[in-house]
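One structure is given below, encoded as structure tokens.
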Amino acid sequence: MSSVKKVLIVGGGIGGLSSGIALAKIGCSVEIAEIHAAFNVYGVGIIQPANALRALDALGLADEAMRRGSPYGMVKMCSSGGHMFTEVGVPPIGRLPSHNGISRKILHDIMYEEAVKQGVFFRMGVTVAAIDNGVDGVAVQFTDGSNGSYDILIGADGVNSKVRSMVLGNYKAKYTGESVWRYAFKRPAELETGYMFMGRKTKVGLIPMTADTMYMFVVSAEGESPAIAENELVPKMKALLQEYRAPMVQHVIEEISDPKKVIYRPLEVLFVPAPWYKNRVLLIGDAVHATIPQLGQGAGLALEDSIVLAELLQSDDDLETGFQKFMDRRLERCKMIVDVSVQIGELEQLDWKGQMPEGTNIGAIMGRALGAMMQPI
Ligand SMILES: Cc1cc2nc3c(=O)[nH]c(=O)nc-3n(C[C@H](O)[C@H](O)[C@H](O)COP(=O)(O)OP(=O)(O)OC[C@H]3O[C@@H](n4cnc5c(N)ncnc54)[C@H](O)[C@@H]3O)c2cc1C
């Protein structure tokens, strides 16, 4: 695989930027084709557990992510009234803390700045119009009429991946019945770590993003019709929060006022069976394993994909062997996260209907899955 010198990555999200940096660092000439003419990453946050930080550390970016984000320890699990009953989360890995909360925009900026520094070339506002995926190389026609030839193409274009449909066939993400509502706030002094509050039919998280900011997520079951009109976002989000008497939640409800700042998203899942490659095209990230955020691991998986790929590209294996080794190291780990996240989502929906199977311990299910993710990749 050391014969791979010129790479096209389709998609400039977390998977695309991290693989761009990782491959540029091992000496590849890298181009990223991003469909949007300018990045427009929303300002609510993302949870980076220790294994995601470990992958960022391999790119040399963990310290910057922690400096511009907010490292924190175990998550305090509380009743809707604010009574803490346990703590959950992952253990630190060496000097890396259990979690880092960070604004998605800041994380994107950190990775974009590093990609530019590493010489990655960005083709903004274009995507692939045609891919000739040969045995010896990939020839690409772009939507702006230009062409390019590459040793390999990495599809990192997210859950609705065009590369996937062009190379692997038709797969469609499945709605899980749950939605997430997010909103960013000023951070109160008493928020010293991540918090989760368990309600009767929803759950709420408060996650530090910077020294001065935090974001809230609310997970709700939206049944068969999850679409919500913009003018309903603020009143519906506030209504979901009414049962939460915990002061930290109560104090911010009135600040929810701008529908444009309510980041509402029905949760979809997709897992593509092996192999995630054909000839000279490999897919990574949400394009092949889009999970729901119950374990906060989706971005971590995309980052790990990039680290493993860069490591394998440095070996003397032929491409087929290298891509197969990628599958050997990634398939089960990614599948476990998608499966357990879906299981947790289904269990909490049963719980909210009063039908939780007796003896179910969601905390133990989470703990086992997250513990496994701390193992080396
Ligand atoms: C509500 C929610 C909360 C989440 N919270 C967390 C969390 O706390 N922690 C965590 O680790 N993960 C979380 N995730 C998951 C995480 O956001 C994703 O796993 C991660 O963003 C995947 O990165 P990606 O690069 O594969 O895809 P994306 O982030 O979707 O990036 C894809 C990129 O490709 C571009 N693109 C799309 N189509 C094309 C095309 N045809 N041509 C060129 N470019 C294209 C897009 O514009 C985008 O820039 C969450 C997900 C959701 C839905």
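The values are calculated or read from the model by the stated rules, or taken from the named source; none is laboratory data. Predicted, not measured: the structure shown is a model, and the values here were computed from it. Cβ atoms come from the backbone with ideal geometry, glycine included; neighbour counts cover every protein chain shown. Ligands, DNA and RNA are excluded from the accessible area calculation, which covers all protein heavy atoms including side chains. Shrake-Rupley method; radii C 1.70, N 1.55, O 1.52, S 1.80 Å.
The angle between the Cα long axis of helix 298-313 and the longest principal axis of the Cα atoms of the chain comes to about 20 degrees, rounded to the nearest 10. The length gained on full extension between L350 and A139, counted as 0.36 nm times the residue separation minus their Cα-Cα distance, comes to 71.0 nm. If the segment from A38 to K201 were pulled out straight at 0.36 nm per residue, it would be longer than the present Cα-Cα gap by 54.9 nm. Label zone (T86, point 7 Å along Cα-to-C-beta; backbone nitrogen cut-off 19 Å) within the stretch 354-376: 354-374. Of the trypsin sites (Lys or Arg not before Pro) found in the stretch 271-377, those that fall in a DSSP loop while having at most 10 other beta-carbon atoms within 10 Å are K353.
Structure remark: mean-square fluctuation, Gaussian network model of the chain, C-alpha springs under 10 Å; the largest value among S225, S306, S165 belongs to S225. Short-range pairs are left out: with C-alpha atoms under 8 Å and at least six residues apart, the relative contact order of the stretch 176-267 is 39 percent.
For every helix of n ≥ 4 consecutive DSSP H residues, a contribution of -39,500 (n - 2.57) applies; sum these over the chain, divide by its total residues, and give [θ] at 222 nm rounded to the nearest 500 deg cm²/dmol.
Helix contribution divided over all residues of the chain: -11000 deg cm²/dmol.
When +1 charges are put on Lys and Arg Cβ atoms and -1 charges on Asp and Glu Cβ atoms, the dipole computed for the stretch 176-267 relative to its Cα centre reaches about 80 debye.
Report, in debye and to the nearest 20, how large the dipole of the chain comes out about its Cα centre when Lys and Arg carry +1 and Asp and Glu carry -1 on their Cβ.
Details: 37 positive and 42 negative charges, 92 e Å.
For this selection, approximately 440 debye.
Charged side chains reduced to their Cβ positions (Lys and Arg at +1, Asp and Glu at -1) give the stretch 53-177 a dipole of some 520 debye around its Cα centre. Taking the protein heavy atoms of the stretch 28-68 in the context of the full set of protein chains, the accessible area attributed to carbon and sulfur is 53 percent at 1.4 Å. On C-alpha positions alone, give me the angle between the axis of helix 104-117 and the longest principal axis of the chain, in degrees, nearest 10. Relative to the chain, helix 104-117 is tipped by roughly 20 degrees. Modelled this way, with points 7 Å down the Cα-to-C-beta line, the labels at D212 and M74 are 3.2 nm from one another.
The stretch between M374 and M327 holds 15.0 nm of extra length on full extension. This uses 0.36 nm per residue minus the Cα-Cα distance. Dipole of the stretch 106-188 computed with +1 at Lys/Arg Cβ and -1 at Asp/Glu Cβ about the Cα centre; of W181, G158, N147, farthest Cα towards the positive end is W181.
Model label points for K174 and K5, set 7 angstrom from Cα along the Cα-to-Cβ axis, are 4.5 nm apart.
Along the axis of the charge dipole computed for the chain (Cβ charges of +1 for Lys and Arg, -1 for Asp and Glu, origin at the Cα centre), the listed residues A62, S220, Q314 are led at the positive end by S220. Think of the chain as having a plus end and a minus end, set by charges on the Cβ of Lys, Arg, Asp and Glu; of Q375, G169, C28, Q375 sits farthest toward the positive end of this dipole. Mean-square fluctuations from a GNM of the chain, with a 10 angstrom spring cutoff on Cα atoms, peak among G13, G155, G363 at G363. Loop-located trypsin sites (Lys or Arg not before Pro) across the stretch 128-184 with a Cβ neighbour count of 15 or fewer within 10 Å are K172, with loop assigned by DSSP.
Within the stretch 176-267, what whole-number % of the accessible surface is contributed by carbon and sulfur, with the 1.4 Å probe and all protein chains included in the calculation?
Working: 2280 of 4190 Å².
The nonpolar share, carbon plus sulfur, comes to 54 percent.
Between E64, E304, E348, the residue with the greatest mean-square fluctuation in the GNM of the chain (Cα pairs under 10 Å linked by springs) is E64.
How much accessible area per residue does the stretch 176-267 have, in Å², with a 1.4 Å probe?
Numbers: 4190 Å² over 92 residues.
Each residue of the stretch 176-267 exposes 46 Å² on average to a 1.4 Å probe.
Note on the stretch 1-66 and the stretch 323-377: Cα centroid distance 25 Å, given to the nearest whole angstrom.
Rounded, prolate or oblate for the chain? Axes are the square roots of the Cα gyration tensor eigenvalues, ordered a ≥ b ≥ c, and the cut-off for rounded is a/c under 1.5.
Since a/c reaches 1.5 and a/b is larger than b/c, the shape of the chain is classed as prolate.
Taking the Cα atoms only, what angle lies between the long axis of helix 319-352 and the longest principal axis of the chain, rounded to 10 degrees? Orientation of helix 319-352: about 20 degrees from the principal axis. Put the Cα centre of the stretch 264-307 next to the Cα centre of the stretch 163-211 and the gap is 16 Å.
Please work out the ratio of the alpha-carbon Rg of the stretch 176-267 to 2.2 N^0.38 Å and round it to two decimals.
Working: Rg = 12.7 Å, N = 92, 2.2 N^0.38 = 12.3 Å.
That ratio works out to 1.03.
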